[in-house]
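Below is one structure, written out as structure tokens; the observations come after it.
Any read-out appearing in this document is the output of simple, stated calculations on the displayed coordinates, not a laboratory observation. Predicted, not measured: the structure shown is a model, and the values here were computed from it.
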């Protein structure tokens, strides 16, 4: 199985990089932390201009009905640029839950940002005060919901909200929506981990200690090399899981959970290495690295902890073995 992106996917990723590179996303994250979400909405407007918000929406509602790999390409880039807001929820999960709902048109156009809760695995909705639509999915049905009490997150752009369902439920493929939410989160983690690795490499080439650039020390080289290896091992798992989702493979749950566990571990390793490479300055809110550090801490357990997903992988492997 090949995991290399084709030229169109690479061009799409480059277009996202160009748009977000000009958007000053760290400034939007910083503004959100002080209660101003207007810059973040401007970032999301750029995403809609690129068609990112339409990727998972069906053509009937003016969406692109893109391949899951294309969606994961976008989510990885958004993680790399630390885009705030309910990324996995609005781009990957809501289009599935709203299948057959006319509001999908607004979702595709970027006029509507959605967030979701899928209890018990995802009991609260992230950034419900930012989203224009809150959904709750349980037992094969989805219901509109209203946000209740908020609970602070380590990442100020990812406050969690209790939700209360309103109205009657509609049939929805909640199970598939969950898999997409997990995988989109894993893709963001890989992107965030890569961004921190790049920042660390650049900083190691500039910072001097004891009269030498710290990047010349073997301990720094080995630490960053370990991060690179972890990310390179996690990335194909993420894209392989996207192919499993596209093909409705019987191994989808196992593949998605393996990807999330590996991506979580790799991103956390990158965060630790980045903080150790940058030193005390990495702790400061004034340094952009802090945004990625907090984002990885939040996404590490979002849509299931690595431990929970390893258990799911183990259960899937045991079930396979018992059928032999």
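Using Cα-Cα distances under 8 Å and only pairs 6 or more residues apart, what relative contact order does region 112-168 have, in percent?
Working: 124 pairs, mean separation 18.6, N = 57.
So the answer I get is 33 percent.
Most fluctuating residue of 31, 149, 302 in a GNM of the chain with Cα springs under 10 Å: which is it?
In this elastic network of the chain, the residue with the biggest mean-square fluctuation among 31, 149, 302 is 149.
Using the alpha-carbon atoms, what tilt in degrees (0 to 90, nearest 10) does helix 174-204 show relative to the longest principal axis of the chain?
With both axes taken from Cα atoms, the answer is about 10 degrees.
Rounded if a/c is under 1.5, else prolate if a/b is larger than b/c, else oblate: which is region 189-232, with a ≥ b ≥ c the root eigenvalues of its Cα gyration tensor?
Details: a/c = 4.41, a/b = 1.88, b/c = 2.35.
Oblate shape, in that a/c is at least 1.5 and b/c is the bigger or equal ratio.
Between rounded, prolate and oblate, where does region 175-322 land on the alpha carbon gyration tensor, with a ≥ b ≥ c its root eigenvalues, rounded for a/c under 1.5, else prolate if a/b exceeds b/c? If you can, show how the numbers build up before the last one.
Values: a/c = 2.92, a/b = 2.28, b/c = 1.28.
Prolate, because a/c is 1.5 or more and a/b exceeds b/c.
Could you work out the per residue convex hull volume over the alpha carbons of region 202-264, in cubic angstrom?
Working: hull volume 4.8 nm³, N = 63.
Given the Cα convex hull of region 202-264, per-residue volume reads 76 Å³.
Between region 231-275 and region 94-142, how far is it from one alpha carbon centroid to the other, in angstrom?
So the two Cα centres are separated by 23 Å.
Can you give me the relative contact order of region 7-173 as a percent, contacts being Cα pairs under 8 Å and 6 or more apart? Before the final figure, lay out the partial values.
Values: 304 pairs, mean separation 30.0, N = 167.
It rounds to 18 percent for region 7-173.
How much mean residue ellipticity at 222 nm does the chain get from its helices, if each DSSP H run of length 4 or more adds -39500 (n - 2.57) and you divide by all residues, to the nearest 500 deg cm²/dmol? Working shown, then result.
Numbers: 11 runs with 177 residues, N = 324.
Roughly -18000 deg cm²/dmol at 222 nm, from the helical runs in the chain.
Please determine, in degrees from 0 to 90 and to the nearest 10, the orientation of helix 252-278 with respect to the longest principal axis defined by the Cα atoms of the chain, where the helix direction is its Cα long axis.
Between the helix axis and the principal axis of the chain, the angle is about 30 degrees.
If I take the Cα coordinates of region 33-150 and project them onto the principal axes, what are the three extents in Å, biggest first?
Here the Cα extents, ordered largest to smallest, are 37, 33, 22 Å.
Based on DSSP, what percent of beta bridges with both residues in the chain are antiparallel, to the nearest 5? Walk me through the numbers on the way to the answer.
Working: 16 of 20 bridges.
About 80 percent, rounded to the nearest 5.
Using only the alpha-carbon atoms, how far is helix 218-246 inclined from the longest principal axis of the chain? Give it as 0 to 90 degrees, nearest 10.
That works out to roughly 20 degrees.
Mean separation of Cα pairs under 8 Å and 6+ residues apart, divided by the residue count of the chain: what relative contact order is that in percent? All intermediate terms of the calculation are to be shown ahead of the outcome.
Working: 587 pairs, mean separation 52.2, N = 324.
Rounded, it is 16 percent for the chain.
Can you tell me the alpha carbon radius of gyration of region 117-166 divided by the globular rule-of-thumb value 2.2 N^0.38 Å?
Working: Rg = 10.4 Å, N = 50, 2.2 N^0.38 = 9.7 Å.
The value comes to 1.07.
Please find, in a Gaussian network model of the chain (springs between Cα atoms separated by less than 10 Å), the residue of 232, 179, 89 whose mean-square fluctuation is greatest.
Looking only at 232, 179, 89, the largest GNM fluctuation is found for 232.
If the elastic network links every pair of Cα atoms under 10 Å, which of 13, 184, 274 fluctuates the most in the Gaussian network model of the chain?
13
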